[in-house]
């Protein structure tokens, strides 16, 4: 391995390493964020489906009760 003798080259190399680490951290954070959004979206979808199903059943029951009154 060649030893870097130039201060400018050493600083450039260190900046490149720091930039690479920053990109890796950003990618990991983005993956975590998107995974969380996906999980939350599935939970919200399930909840909305359950609520709409419950209200649909209640409306049918009320309609049947009103039909029985007449």
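By the helix-only formula, in which each DSSP H run with n ≥ 4 contributes -39500 (n - 2.57) and the sum is divided by residues, the chain has a 222 nm mean residue ellipticity of -34000 deg cm²/dmol. Between residue 43 and residue 7, what is the label-point separation in nm under the 7 Å Cα-to-beta-carbon projection? Label at residue 7, label at residue 43, 5.4 nm between them. With one equal scatterer per alpha carbon and no solvent term, the Debye-computed log10 I(q)/I(0) for the chain at 0.14, 0.16, 0.25 1/Å reads -0.71, -0.78, -1.02. To the nearest 10 degrees, how steep is helix 7-69 against the longest Cα principal axis of the chain, on a 0 to 90 scale? That works out to roughly 0 degrees. Using R0 = 35 Å, the C-beta based FRET efficiency linking residue 30 and residue 59 works out to 0.25.
Rule-based calculations on the coordinates, nothing more; no lab input. What you are looking at is a predicted structure, and each value in this text was computed from that prediction instead of being measured. When we count neighbours, we look across all protein chains shown, and the Cβ atoms used for this are built from the backbone with ideal geometry, even at glycine.
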